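Presented below is the structure to which this report refers.
The values are calculated or read from the model by the stated rules, or taken from the named source; none is laboratory data. Only a predicted model underlies this, so the values are computations on that prediction, with no experimental measurement involved. Cβ placement follows ideal geometry from the backbone for every residue including glycine, while neighbour counts extend to all protein chains displayed. Just the protein is used for accessible areas: all its heavy atoms, side chains included, with ligands, DNA and RNA removed. Shrake-Rupley method; radii C 1.70, N 1.55, O 1.52, S 1.80 Å.
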Amino acid sequence: MLIPFAFITTLLASVAVVKADDIDWSAHQWQAPSATDSRGPCPGLNTLANHGFLPRNGSNITIPIVLNAINDGFNFRPIDVLRIAAKLGLLTTDAEDSFSLQELALHGTLEHDASMSRNDLALGDNIHFNETVFTTLANSNPGVDYYNVTSAAQVLEQRLAEDKIVNPSLINTIKEFEVRVIESGFYLSVMGNVTTGVAPKNFVQILFREERLPLEEGWTRSEVPIDQENFNNVVAGISNASTWAPSGEVVCPWIRLQPEGDVVVVDG
């Protein structure tokens, strides 16, 4: 879909642009969440909460709050896919205009099967980090110290193959595939170089395992703003390197529109 340049300009102007040297990192030191803080299935958002870009309690998150947090923490502009994801977050809760990180675990809205770091809901805990699941990504692209679009596509295919064996109720429509590809583009872009689609393994592993920005290890926010064009290039590279095909009994993409009730087919 082509977006008019004037629309993009207006959209970007609506969110505060923070340069890398404008970040007061003393106000964004990593803190482990308490037992009462809300955390969910997204390591990127959990990380932003652990650093105080999102509310540290992980609750009462509005669309402007999450878009500004992603922009401030990662230099990631509020492009279409982020705005859509933020709006979908509101479907996971009965609250009128905010959600918590844990509520994002509602299966079928944003959360999905064959995650890179979480178990499927049908198999147990779909919220907390799972080292066994993450091993597929962690051990990918052997012999070098980075991940790239090719290795990211291979990880998605291997995770799907593993899931087909252990989860007979696996849901694998084009919707789930596209979400997984976007998530892969996210970790490559925010932990690495959005222009090349290459990210150091150490940075990516810290993001997933510790839900921490690897500042002490040398990570910095992207010097180039992550925007519609360069992020889409990374996502397209992963998608083009994949040989994905739908599988399972569910064929049509679907979405859960509220915490309770039936699902809705979004494309027949």
Original post:
With the dipole of the stretch 9-157 worked out from charges on the C-beta (+1 for Lys and Arg, -1 for Asp and Glu) around the Cα centre, which of 26, 92, 121 lies farthest toward the positive end?
Top reply: 26
Original post:
Using unit Cβ charges (K, R positive; D, E negative) and no other charged atoms, how large, in debye to the nearest 20, is the dipole of the chain about its Cα centre?
Top reply: 320
Original post:
Where nothing but the Cβ of Lys and Arg (+1) and of Asp and Glu (-1) is charged, how large is the charge dipole of the stretch 103-200 around its Cα centre, in debye to the nearest 20?
Top reply: 200
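Would you compute, from DSSP H runs of 4+ residues alone, the mean residue ellipticity of the chain at 222 nm, taking -39500 (n - 2.57) per run and dividing by the full residue count, rounded to the nearest 500?
On the way: 9 runs with 106 residues, N = 268.
Taking each H run of at least 4 residues, the total per residue is -12000 deg cm²/dmol.
Would you please classify the overall shape of the stretch 94-151 from the alpha carbon gyration tensor, given that a ≥ b ≥ c denote the square roots of the eigenvalues, rounded means a/c under 1.5, and beyond that prolate means a/b larger than b/c while oblate covers the rest?
On the way: a/c = 3.11, a/b = 2.09, b/c = 1.49.
Note, shape of the stretch 94-151 comes out prolate.
Under a point-charge model restricted to the Cβ atoms of Lys and Arg (+1) and Asp and Glu (-1), what is the dipole moment magnitude of the stretch 159-268 relative to its Cα centre, in debye to the nearest 20? Don't jump to the answer; show the numbers that get you there.
Values: 9 positive and 16 negative charges, 49 e Å.
Around 240 debye, computed over the stretch 159-268.
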Subject >> Solvent-accessible surface (1.4 angstrom probe) belonging to residue 131, in square angstrom, nearest 10 >> reply: 80
Subject >> Under 13 Å from the Cα of residue 201 - aspartates and glutamates, other chains or at least 8 residues apart >> reply: 145, 217
Original post:
Using alpha carbon centroids, what distance separates the stretch 34-101 and the stretch 194-256, in Å?
Top reply: 17
Original post:
Taking a 1.4 Å probe, which of 38, 26 shows the most accessible area, and what order do the others take after it?
Top reply: 26, 38
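Cβ neighbours within 10 Å, averaged per peptide: list 242-249, 172-179 in order, most packed at the top.
Final packing ranking: 172-179, 242-249.
Pull out a ≥ b ≥ c, the square roots of the eigenvalues of the alpha-carbon gyration tensor of the chain, then state rounded if a/c is under 1.5, prolate if not and a/b is larger than b/c, and oblate in the remaining case.
Numbers: a/c = 1.29, a/b = 1.16, b/c = 1.11.
Rounded, because the longest to shortest axis ratio a/c is under 1.5.
I'd like the carbon and sulfur percentage of the solvent accessible area for the chain, probe radius 1.4 Å, heavy atoms only, ligands and nucleic acids excluded.
Details: 7120 of 12640 Å².
Ligands and nucleic acids excluded, carbon and sulfur give 56 percent.
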**OP:** Determine the sum of side-chain charges near residue 248: Lys and Arg each +1, Asp and Glu each -1, restricted to other residues whose C-beta is under 14 angstrom from that of residue 248.
**Re:** -3
